[in-house]
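Below: the structure, in structure tokens.
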Amino acid sequence: MKVLVIEDDSAVADSILDGLGNASLACSLAGTGAAGIAALAEYAPDIVLLDLGLPDMDGTEVCRAIRRAGDTPIIIVSARDSEIDRVVALEMGADDFIVKPFGMRELVARIRAVTRRTLSGGAEPLEPLPTRRDFGSLIIDTRAQRIEVAGTALHLTPKEFELLVYLSADPGAVFRRTDILHDVWDTNWYGTTKTLDAHIAAIRKKLGDPGWIESVRGVGFRFAVPGPVSSDTSVTAP
């Protein structure tokens with residue numbers, strides 16, 4: 001599968017290219033909207049990852065141009081998180097919308113889901129990635145950068161917040177230490193895993209119950225709801 005990445009931020013672009021390369025996806029990078037439109041014909045990608053904040057034109061215009069040229073699937077990857085941005089992008093022809101920051105697992109899963117739907121002839125686009133997650137007494141709101149437990153707002157550091165969002169994206173799934181460090185810290189992270197342990201311990205303490213994040217010996221961690229799982233535990237879109 002060939003992926004065209006239209007992104008002007010070199011740090012973000014490098015992270016995406018490394019992550020997709022590790023997932024065995026071929027990539028080409030364009031740093032401007034004009035270069036991205038030109039690469040569409042030259043590279044013939046299977047899917048386009050498009051940032052909205054480009055230096056030469058708005059990403060929605062690029063989205064519109066790509067859609068006029070054909071049916072290549074488009075996933076918007078942007079720091080813009082307002083409802084109107086997501087709606088406009090989807091109406092311009094985008095197939096999906098992911099808000100930065102995001103986990104590489106999520107991005108790869110979205111790419112595979114969108115291309116799978118395209119190949120199978122699915123006509124309906126996927127819903128935007130949910131920005132609010134409700135797990136009983138715990139609420140994680142990525143749009144507002146807010147965590148609440150039993151109605152009380154908690155203060156997490158940016159990295160603690162990113163780590164909790166990452167783990168809670170797939171409740172019950174076991175995340176390997178190496179994958180967490182790769183996706184949450186940096187693709188070239190070579191530090192000690194004690195940094196991860198310290199962040200997990202801090203999050204557990206702030207959540208008030210270590211059961212929210214379970215350790216899996218020799219593997220990594222999983223996000224779980226402490227005690228009996230109630231029927232109203234859900235992930236909801238805004």
R117 fails exactly one of (1) loosely packed, with under 14 Cβ neighbours inside 10 Å; (2) modelled with pLDDT under 80, namely (1)
Conditions (1) among the β-branched types (V, I, T); (2) at pLDDT 85 or above; (3) closer than 23 Å to S82 by Cα; number of the one not met by T142: (2)
Taking the criterion of being among the small types (G, A, S), more than 17 Å from V114 (Cβ to Cβ) and either assigned to a helix (DSSP H, G or I) or touching an Asp or Glu at 6+ places or on another chain (Cβ under 6 Å) (or both), would at least one residue in segment 18-32 satisfy it? yes
Looking at (1) surrounded by 18 or more Cβ atoms within 10 Å (Cβ to Cβ); (2) within 24 Å of T131 (Cβ to Cβ), which is the only condition I66 fails? (2)
Hey, can you tell me all the residues within segment 177-199 that are among the aromatic types (F, W, Y) and modelled with pLDDT under 70? W189, Y190
Of all the residues that make up segment 71-84, how many are exposed (fewer than 12 other Cβ atoms within 10 Å of the Cβ) and modelled with pLDDT of 90 or more? 0
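Just to verify a result, which residue in segment 62-85, among those that are out of contact with any Leu (no Cβ under 9 Å at 6 or more places or on another chain), outside any loop (DSSP other than H, G, I, E, B) and among the charged types (D, E, K, R), is farthest from V3 (Cα to Cα)? Can you show your working first?
Step one: filter segment 62-85 for residues out of contact with any Leu (no Cβ under 9 Å at 6 or more places or on another chain), giving 64, 67-68, 71, 73, 81-84.
Restricting the remaining residues to those that are outside any loop (DSSP other than H, G, I, E, B) gives 64, 67-68, 83-84.
Those still in the list that are among the charged types (D, E, K, R) too: 64, 67-68, 83.
Details: R64: 18, R67: 16, R68: 19, E83: 26 Å.
Result: E83.
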Residue tally, condition surrounded by fewer than 17 Cβ atoms within 10 Å (Cβ to Cβ) and closer than 16 Å to R80 by Cα, over segment 27-63: 5
Kindly provide the set of residues from segment 138-147 that are crowded, with 17+ Cβ neighbours inside 10 Å and assigned to a loop (DSSP other than H, G, I, E, B), ordered by number. T142
Cβ-Cβ under 7 Å, sequence separation 6+ or interchain: first residue in segment 163-176 and assigned by TED's automatic domain parsing to the domain that holds L196 and among the β-branched types (V, I, T), partner surrounded by fewer than 19 Cβ atoms within 10 Å (Cβ to Cβ) and in a loop (DSSP other than H, G, I, E, B). Which pairs? V174/V219
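Which members of segment 148-173 meet the condition of being in a loop (DSSP other than H, G, I, E, B) and crowded, with 18+ Cβ neighbours inside 10 Å?
Filtering segment 148-173 down to residues in a loop (DSSP other than H, G, I, E, B) leaves 150-151, 155-157, 169-173.
Answer for segment 148-173, where residues must be in a loop (DSSP other than H, G, I, E, B) and crowded, with 18+ Cβ neighbours inside 10 Å: L156, A169.
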Residues in segment 62-115 that are of a type in the set (K, R) and either touching a residue at least 40 places away in the same chain (Cβ under 8 Å) or touching a Phe, Trp or Tyr at 6+ places or on another chain (Cβ under 7 Å) (or both) total 3
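The values are calculated or read from the model by the stated rules, or taken from the named source; none is laboratory data. Since this is a predicted model, take the numbers as computed values, not measurements. Quick reminder, even Gly has a Cβ in these numbers, built from the backbone with ideal geometry, and neighbours come from all protein chains shown.
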